[in-house]
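The values are calculated or read from the model by the stated rules, or taken from the named source; none is laboratory data. Just so we're clear, the structure is a prediction, and the values are computed from it rather than from any experiment. Cβ placement follows ideal geometry from the backbone for every residue including glycine, while neighbour counts extend to all protein chains displayed. Heavy atoms of the whole protein, side chains included, go into the accessibility calculation; ligands, DNA and RNA do not. Shrake-Rupley method; radii C 1.70, N 1.55, O 1.52, S 1.80 Å.
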Amino acid sequence: MKKNFPGKSGSRKGRLSFDVLYEDADLIVVEKPIGIITSFVGFRRKSHAPGLPSLEELVDGYLRKGQLKSRKKAWLVHRLDRETSGVIMFAKSESVAQEFRDSWNERTEKTYFAKVEGRLDEPFGVFESYLRDDPKTMKVSSVCDRSKGKFASTEWKEISYDADADVSLVEVALKTGRKNQIRVHFSEAGHPVVGDEKYGAKRADRLYLHSAKIVFVHPRTGRKVEVFSPRSIA
């Protein structure tokens with residue numbers, strides 16, 4: 001189900017859209033477009049394109065269905081980087097959002113697809129390190145001092161290799177959910193995500209990182225729910 005929303009000016013020019021992939025009384029899972037920031041919480045609005053809303057604001061508008069006085073809103077549960085596309089989940093109440101935040105790794109499984117430069121030495125593997133976010137450089141990196149970082153584990157396997165482009169398609173399973181985790185781990189392994197200039201990749205038409213699937217235990221029913229992205233990274 002595709003939902004279209006204009007920018008704050010109300011103009012039809014440059015309308016934004018997203019697909020609703022799953023929705024119930026507690027949660028909504030949507031397909032995040034490329035180039036949209038997840039939320040302005042913790043970010044400087046002026047660093048985003050002027051007049052361009054966040055995905056959180058767009059989902060707010062969808063939930064309120066044009067009723068300006070409505071108190072319905074999307075509660076942030078996790079993030080995707082601005083140039084990352086794909087499946088992302090919001091809660092419809094603060095209590096549900098907090099429940100996921102408190103037990104994210106135990107309650108959810110996330111699968112990504114990425115194109116990375118070069119070919120990895122093995123067909124599968126796990127990257128593990130302690131990651132630190134440097135507010136001065138605005139970059140994340142692995143650190144030797146565990147007390148200064150947060151543990152991150154990235155499991156991956158090669159799906160295919162394009163010898164002409166010297167690019168590998170990999171499937172990635174996140175075992176933890178740290179900022180820029182996939183991008184940093186592949187960059188530090190010498191295989192940055194295609195298009196990720198921030199972490200050493202060559203320029204490309206986009207950042208080739210896509211959130212393909214989320215599996216979660218529903219907080220109300222206890223059942224396992226799987227939500228897939230209808231799109232590919234090709």
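Observations
- Among the criteria (1) farther than 16 Å from residue 209 by Cβ; (2) among the hydroxyl-bearing types (Ser, Thr, Tyr); (3) touching a residue at least 60 places away in the same chain (Cβ under 8 Å), the one residue 111 does not fulfil is (1).
- Among the residues of the stretch 116-158, those that are of a type in the set (D, E, K, R) and farther than 25 Å from residue 168 by Cα comprise 132, 133, 134, 136, 145, 146, 148, 150.
- Residue within the stretch 174-181 that is assigned to a loop (DSSP other than H, G, I, E, B), in contact with a helix residue (DSSP H, G or I) (Cβ under 7 Å, 6 or more places away or on another chain), surrounded by fewer than 18 Cβ atoms within 10 Å (Cβ to Cβ) and of a type in the set (Ser, Thr, Tyr) present: yes
- When residues of the stretch 135-164 are limited to those that are assigned to a strand (DSSP E or B) and without any contact (Cβ under 8 Å) to a residue 12 or more places away in the chain, the one most open to solvent (accessible area, probe 1.4 Å): 162
- Options 76, 27, 63, 80: the member that is farther than 30 Å from residue 204 by Cβ, of a type in the set (A, V, I, L, M, F, W, C), at pLDDT 90 or above and buried (at least 18 other Cβ atoms within 10 Å of the Cβ): 27
- Residues in the stretch 83-105 that are open to solvent by 20 Å² or more (accessible area, probe 1.4 Å), touching a residue at least 60 places away in the same chain (Cβ under 8 Å) and of a type outside the set (Ser, Thr, Tyr): 83, 92, 99, 104, 105.
- The combined condition, being closer than 24 Å to residue 193 by Cβ, open to solvent by 70 Å² or more (accessible area, probe 1.4 Å) and in contact (Cβ under 8 Å) with a residue 12 or more places away in the chain, is fulfilled by residue 119.
- Looking only at residues of the stretch 61-106 that are under 18 Å from the mean Cα position of the chain (by Cα) and of a type in the set (Phe, Trp, Tyr), we find that the one that is nearest to residue 34 (Cα to Cα) is 90.
- Only one entry in 167, 172, 225 is in contact (Cβ under 8 Å) with a residue 40 or more places away in the chain, more than 25 Å from residue 103 (Cβ to Cβ), touching a strand residue (DSSP E or B) at 6+ places or on another chain (Cβ under 7 Å) and not small (Gly, Ala, Ser), namely 167.
- Every residue from the stretch 195-209 that is in contact with a Lys or Arg (Cβ under 7 Å, 6 or more places away or on another chain) and either modelled with pLDDT under 95 or over 21 Å from residue 131 (Cα atoms) (or both): 195, 208
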